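What follows draws every value from the coordinates through simple rules; no lab data is involved. Computed from a prediction, not measured in an experiment: that's the story for all the values here. Methodologically, a virtual Cβ is constructed for each residue, glycine included, from the backbone with ideal geometry; neighbour enumeration extends over all protein chains shown.
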Amino acid sequence: MKDYHKKFNDREYEKLMASIDCATKSLRKMNGGEELTIYTNEDMCKKLGVSETLLSRYRNERQLPYSKVGDKYFYTDEDIESFIENISSKRLIV
């Protein structure tokens, strides 16, 4: 089994934390200075009451907006609102 964790020395840790802080500030700036809540797949499954398979289907069918970093998917409140509007409008049409 591959060892996926790495021990950081103090200098590397400080550099990582500065990078995270910079990314957080950039995200807030892009979001008009408001707090930005980020949800994981697990969070979304709980929030929507669906399985990971159905969540994946929503993404694949482009019904649910998302961001992807590496092999991880992330969602914002805006993504959730867009998804709900999308689903609601489809129900009205049918």
Inset, instruction - Would you pull out the residues with amide H under 5 Å of Tyr73's amide H, same chain only if 5 or more places away, H placed 1.01 Å from N? - result: Asn41
Inset, instruction - Once you have a ≥ b ≥ c as the square roots of the Cα gyration tensor eigenvalues for region 37-94, tell me rounded if a/c is under 1.5, and otherwise prolate or oblate according to whether a/b is larger than b/c. - result: prolate
Legend entry - For region 38-49, Karplus couplings with θ = phi - 60° (6.51, -1.76, 1.60), whole Hz, Gly/Pro x: 10, 10, 8, 4, 4, 4, 5, 4, 5, 5, 8, x
Inset, instruction - State which entries of Lys68/Lys90; Lys15/Lys46; Lys47/Lys90; Lys25/Lys72; Lys47/Lys72 exceed 24 angstrom in Cα-Cα distance in the structure shown. - result: Lys68/Lys90; Lys15/Lys46
Inset, instruction - Pairs of Cα atoms under 8 Å, at least six residues apart: use those to get the relative contact order of region 48-89, whole percent. - result: 30
Legend entry - Vicinal HN-Hα couplings computed from phi for region 56-63 (Karplus, 6.51 cos²θ - 1.76 cosθ + 1.60; Hz; Gly/Pro x): 4, 4, 4, 5, 4, 8, 6, 8
Inset, instruction - Can you put Leu16, Leu36 in order of Cβ neighbours within 10 angstrom, beginning with the fewest? - result: Leu16, Leu36
